[in-house]
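> I have a structure here, written as structure tokens, and I will follow up with some questions on it.
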Amino acid sequence: MLLDSMDLVAQGWSIDLITTDISSEAIARAEEGRYDALEMARGVSDDQRASWFRPSGEHWCVNEQLRRIVDFRVVNLLDSFGWLDDLDFIFCRNALLYFNRTAKAAVLERMADTLAPDGVLLLGDTETPEPVLNQFITLPGRDSVYRRARTPVARLA
Ligand SMILES: C[S@@+](CC[C@H](N)C(=O)[O-])C[C@H]1O[C@@H](n2cnc3c(N)ncnc32)[C@H](O)[C@@H]1O
């Protein structure tokens with residue numbers, strides 16, 4: 001997704017990307033932006049590799065243009081993220097599984113509040129925004145993609 005975003009940057013779009021994790025090691029690894037051939041083979045096209053990476057020994061490193069649009073932060077999703085607002089997308093894959101139902105509801109409520117009115121939440125393949133389904137609208141044919149509901153949707157129990 002980031003690399004697709006970079007294609008938009010090349011077309012003149014301005015994109016800010018904030019990447020977060022509770023683990024400082026995970027953030028340091030992401031910030032390093034260094035990938036082996038196996039990682040590169042998972043979804044990076046030849047054109048994207050040529051545009052946004054440079055070779056480094058047996059690895060590939062993201063180039064400065066790509067690195068510049070990403071803000072890396074250590075964040076606990078259980079804390080407030082009131083410092084974020086009006087986001088177009090939230091990508092949150094396979095992190096909600098760490099939370100009990102109450103915590104998951106609180107995190108998802110805050111995500112809904114943080115999204116722009118038509119903002120979109122992307123979860124992992126097997127995840128849903130249950131238990132706050134009324135805050136989101138499922139997009140047809142897109143199992144793990146949800147749009148923020150403008151007014152929470154009433155649902156039958
Ligand atoms: C299973 S990994 C998924 C990583 C990545 N999103 C993916 O799909 O490949 C879950 C990540 O959630 C992070 N995590 C766990 N609890 C968290 C919390 N309370 N706040 C923020 N991140 C958390 C972990 O450190 C880990 O990096």
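Derivation of every value follows stated rules applied to the coordinates shown; laboratory data play no part. Since we're looking at a predicted model, the values are computed, not measured. FYI the Cβ positions are ideal-geometry reconstructions off the backbone, even for glycines, and counts take in every protein chain you see.
> Taking the Cα centroid of the stretch 1-47 and of the stretch 92-136, what is the distance between the two, rounded to the nearest whole Å?
What the calculation gives is 22 Å, centre to centre.
> Ok, one more. For the chain, what is the convex hull (Cα atoms) projected area averaged across all directions, in square nanometres? Display every interim value, and only then the final one.
Working: hull surface 42.9 nm².
Result: 10.7 nm².
> To continue, here is another question. Tell me which trypsin sites (Lys or Arg not before Pro) from the stretch 8-45 have a DSSP coil assignment and no more than 15 other beta carbons within 10 Å of their own.
ARG42
> Could you please rank ILE22, ILE137, placing first whichever residue has the fewest other Cβ atoms within 10 Å of its Cβ?
ILE22, ILE137
> What helices does the chain hold that run 15 Å or longer along their axis, going by alpha-carbon atoms, with a Kyte-Doolittle average of -1.0 or more, using DSSP H for the helix calls?
Once both thresholds are applied, what remains is 101-114.
> Moving to a separate point now. Check each of the GluC sites (Glu not before Pro) in the stretch 39-142 and keep only those in coil by DSSP with at most 16 other C-beta atoms within 10 angstrom; list them in order.
Sites meeting the loop and neighbour criteria: GLU58.
> Now for a different question. Once the piece of chain linking ARG142 and GLN11 is laid out straight, how much longer is it, given 0.36 nm per residue of separation minus the C-alpha distance between them?
Values: separation 131, 0.36 × 131 = 47.16 nm, distance 2.62 nm.
Computed gain between ARG142 and GLN11 is 44.5 nm.
> Starting with the fewest neighbours, write out ILE69, ILE90 ranked by other beta-carbon atoms found within 10 Å of each beta-carbon.
ILE69, ILE90
> Starting at the first residue of the stretch 123-129, write each ³J(HN,Hα) from the Karplus equation 6.51 cos²θ - 1.76 cosθ + 1.60 with θ = phi - 60°, in whole Hz, x for Gly and Pro.
Once rounded to whole Hz, the list reads 10, x, 3, 9, 9, 9, x.
> From the helices alone, meaning DSSP H stretches of at least four residues, give me the mean residue ellipticity at 222 nm for the chain, per-run term -39500 (n - 2.57), in deg cm²/dmol to the nearest 500.
Helix-only estimate at 222 nm: -8500 deg cm²/dmol.
> Order of SER24, SER5 from fewest to most other C-beta atoms within 10 Å?
Least crowded to most crowded, the residues run SER24, SER5.
> Using C-alpha positions alone, give me the convex hull volume of the stretch 76-148 per residue in cubic angstrom.
Taking only Cα atoms, the stretch 76-148 has a hull volume of 77 Å³ per residue.
> If you don't mind, another one. Averaging sequence separations of C-alpha pairs under 8 Å and six or more residues apart, then dividing by the length of the chain, give the relative contact order as a whole percent.
18
> I've got another one for you. Mind checking the stretch 99-144 for trypsin sites (Lys or Arg not before Pro) that DSSP puts in a loop (not H, G, I, E or B) and that have at most 14 other Cβ atoms within 10 Å?
In loop regions of the stretch 99-144 (DSSP not H, G, I, E or B), there are no sparsely surrounded trypsin sites (Lys or Arg not before Pro).
> Hey, another quick one. Contour minus end-to-end for ILE22 and LEU122, with contour as 0.36 nm per residue of separation and end-to-end as the Cα-Cα distance?
Using 0.36 nm per residue and subtracting the Cα-Cα distance, I get 34.1 nm.
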